[in-house]
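I have placed the structure first, in the form of structure tokens, so that the comments after it can refer back to it.
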């Protein structure tokens, strides 16, 4: 399986081989096609782009839009902006992580959920806020989040 993924990444990067200044564009292409930049391909990406592996890791970890694990069936964006932070976003995030088994920036073991941090969802009056599959949910507390996750899990 890992060999197939690396082969697909090699194919996607063919227009960028040796063009180190286009690393971010190359990573975007991989992410766009696969939904993530596979961890098992990072070393090969570095070789193809002729950059140190540390540079690829640096770019992938610095930019939040890049992910190194497959997305879940349901994508949860957790607002960690000021209004949400003040109103309990950390407790909401902890409840989401406990309920799904996913870590921030990762995917749940069952593949149903991924959790991504965001700075603002533009719904500060509803803080704390999350977005699941593009649908905003506000005025949350840990109990409401648990019920919400259960609803999405049942619909899976």
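The values are calculated or read from the model by the stated rules, or taken from the named source; none is laboratory data. This is a predicted model, so every value here is computed, not measured. Cβ atoms come from the backbone with ideal geometry, glycine included; neighbour counts cover every protein chain shown.
Structure values in brief
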{"read-out": "Boolean, residue 5 is within 15 Å of residue 68 (Cβ to Cβ), modelled with pLDDT under 90 and in contact with a helix residue (DSSP H, G or I) (Cβ under 8 Å, 6 or more places away or on another chain)", "value": "yes"}
{"read-out": "Of all residues making up the range 26-67, the number that are farther than 22 Å from residue 117 by Cα and out of contact with any helix residue (DSSP H, G or I) (no Cβ under 6 Å at 6 or more places or on another chain)", "value": "4"}
{"read-out": "Test: residue 94 is touching a residue at least 24 places away in the same chain (Cβ under 8 Å), over 16 Å from residue 152 (Cβ atoms) and not assigned by TED's automatic domain parsing to the domain that holds residue 39", "value": "yes"}
{"read-out": "3 or more residues under 17 Å from the mean Cα position of the chain (by Cα) and more than 30 Å from residue 19 (Cα to Cα): qualifying helices (runs of 4 or more DSSP H) within the range 46-156", "value": "89-100"}
